[in-house]
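FYI, it's all coordinate maths here, none of it is from the lab. These numbers come from a predicted model, not from an experiment. Reconstructed Cβ throughout: ideal geometry from the backbone, glycine too, with neighbour counts over all protein chains shown.
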Amino acid sequence: MNTRVDYEHLARALQLAERGRYTTAPNPCVGCVLAQGERVVGEGWHHRAGEPHAERLALAQAGTAAWGATAYVTLEPCCHHGRTPPCTEALLAAGVTRVVGAMTDPNPLVAGQGFAQLRQAGIAVEVGLLETQARALNRGFIKRMELGLPLVRCKLAASLDGRTALANGDSQWITSDAARRDVQRLRASSSAIVTGIGTVLVDNPSLNVRLSATELPGMAADEAVRQPLRVVVDSHWRLPLNARLLRLPGETLVVGCADAPKRMAALQAVGAQVYRCAAHEGRVDLTALMRELAQRGINEVLLETGATLAGAMLAAELIDELVLYLAPHIMGDMALGLFQLPQLMTMNERVAFTFIEVRQIGVDVRIVARPLF
């Protein structure tokens, strides 16, 4: 049975894991606390893929005090050789006698084998404490491991009457500076930003992170902020060769489905990556695209686009979460809406959501909701 001390130490490990939100992808966020009873002897959190895991950092801090200690880990210790050696071996060598883990690692290379190795070596292992909180921390990684798809978060900004732009396409700016800075943090925590060619042709967006490391919790002041992969869904390869997002630091992937080798070569010549995706009704097959992004190690996608692609993603049941910023003004019924969907004939055809959070951001309101597919 878990004690108050177990809860406190594992809660601290979750706090440590959170510090990796902006740096760990494609790896999960993981924290570890080593303790002798109530006394903490070592702490660590995984910072970046290829660098030491949380357990090894905590063990290095603890030194000989790790002998006979309990290790509190937010995710099952790895048991395979990847970019770094197995953490199970390090825990055994350090003399840890008990492990309290929040959850099993969904990675097929681990998937319970890490805990099994520890048990076989005589270490007491308990799993499941604060599991809900641990799973919430790594929703994208878990979905990629379990379903072969990234977590998709759709960000939209609208007026109180649900309008995203005027009829002429003008949309700058619907929301306040505070809301737009909040979006920057969403971008920084995402592995990829996906948009449609229509949005690029109208807005010529940058789709980059414009925050410094000091503005992102867990990052050191001298660290470079990771730029998410910019993905343009462009079925017929219409992206202008002088588009702004092709001239910025970071990588841009243009995804089409038409057979146009010359146009694809031209995009590659100006620095874009290209991927010819399977087609569905003459357009990019969005499910196939999401599977391709997962294959590339993308845990979380931020969808920043117009009503056409947003509606298609929603209709394909590929959106996991909606982040909607509502501004305190009215734009009228001639302005553009949030999702382009087929006409609904009955109320039973509505797409239902459940509210997760409602919070004021500056003068605007941020609503986080999840569809009930």
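Hey, fewest Cβ within 10 Å first, where do TRP237, TRP45 land in order?
Values: TRP237 22, TRP45 25.
Least to most surrounded, the residues fall as TRP237, TRP45.
Compute the FRET efficiency between ALA266 and LEU147 as 1/(1 + (r/R0)^6), taking r as their Cβ-Cβ distance and R0 = 41 Å, and round to the nearest 0.05.
Calculated transfer efficiency: 0.70.
What FRET efficiency comes out for ARG48 versus PHE373 if R0 is 30 angstrom and r is the Cβ-Cβ distance? Round to the nearest 0.05.
Calculated value: 0.35.
Quick one: which residues, 5+ away or cross-chain, put their amide H under 5 Å from the amide H of CYS154? H built at 1.01 Å from N.
LEU303, ASP320, GLU321, LEU322, VAL323
Which of CYS154, CYS277, CYS32, CYS257 comes first, and how do the rest follow, when ranked by fewest Cβ neighbours within 10 Å? Walk me through the numbers on the way to the answer.
Details: CYS154 25, CYS277 19, CYS32 33, CYS257 22.
So the ranking, lowest neighbour count to highest, is CYS277, CYS257, CYS154, CYS32.
Quote the charge dipole size of the range 109-173 about the Cα centre in Debye, to the nearest 20; the model charges only the Cβ of Lys and Arg (+1) and of Asp and Glu (-1).
Details: 8 positive and 5 negative charges, 22 e Å.
With only Lys, Arg, Asp and Glu charged at Cβ, the dipole is about 100 debye.
Exposure proxy check: LYS155, LYS262 ranked by fewest other beta carbons within 10 Å?
LYS262, LYS155
How much length is gained on full extension from TRP67 to ILE330, taking 0.36 nm per residue of separation minus their Cα-Cα distance? If you can, show how the numbers build up before the last one.
On the way: separation 263, 0.36 × 263 = 94.68 nm, distance 6.40 nm.
88.3 nm is the gain from fully extending TRP67 to ILE330.
Just need the relative contact order of the chain here, percent rounded to a whole number, with Cα pairs under 8 Å and 6+ apart. Walk me through the intermediate numbers first.
Values: 820 pairs, mean separation 59.6, N = 373.
Answer for the chain is 16 percent.
Between HIS81 and GLN172, take the C-beta separation as r, use R0 = 41 Å, and let me know the FRET efficiency to the nearest 0.05.
Details: r = 50 Å, r/R0 = 1.22.
That pair, HIS81 with GLN172, gives E of 0.25.
Project the alpha carbons of the chain onto their principal axes and report the range along each, largest first, in whole Å.
68, 46, 43
Work out from phi, with θ = phi - 60° and the Karplus expression 6.51 cos²θ - 1.76 cosθ + 1.60, the ³J(HN,Hα) of each residue of the range 95-110, listed in order in whole Hz, and give x for Gly and Pro.
x, 5, 10, 8, 10, 10, x, 6, 7, 6, 6, x, 4, x, 6, 10
Tell me the mean residue ellipticity at 222 nm calculated for the chain from its helices only (DSSP H runs of n ≥ 4, each -39500 (n - 2.57), averaged over every residue, nearest 500).
-8000 deg cm²/dmol
With an 8 Å Cα cut-off and a minimum separation of 6 or more residues, compute the relative contact order for the range 1-152 in percent.
On the way: 331 pairs, mean separation 29.6, N = 152.
Here the relative contact order equals 19 percent.
Explain nothing, just the number: relative contact order of the range 165-271, from Cα pairs under 8 Å at least 6 residues apart, as a whole percent.
24 percent
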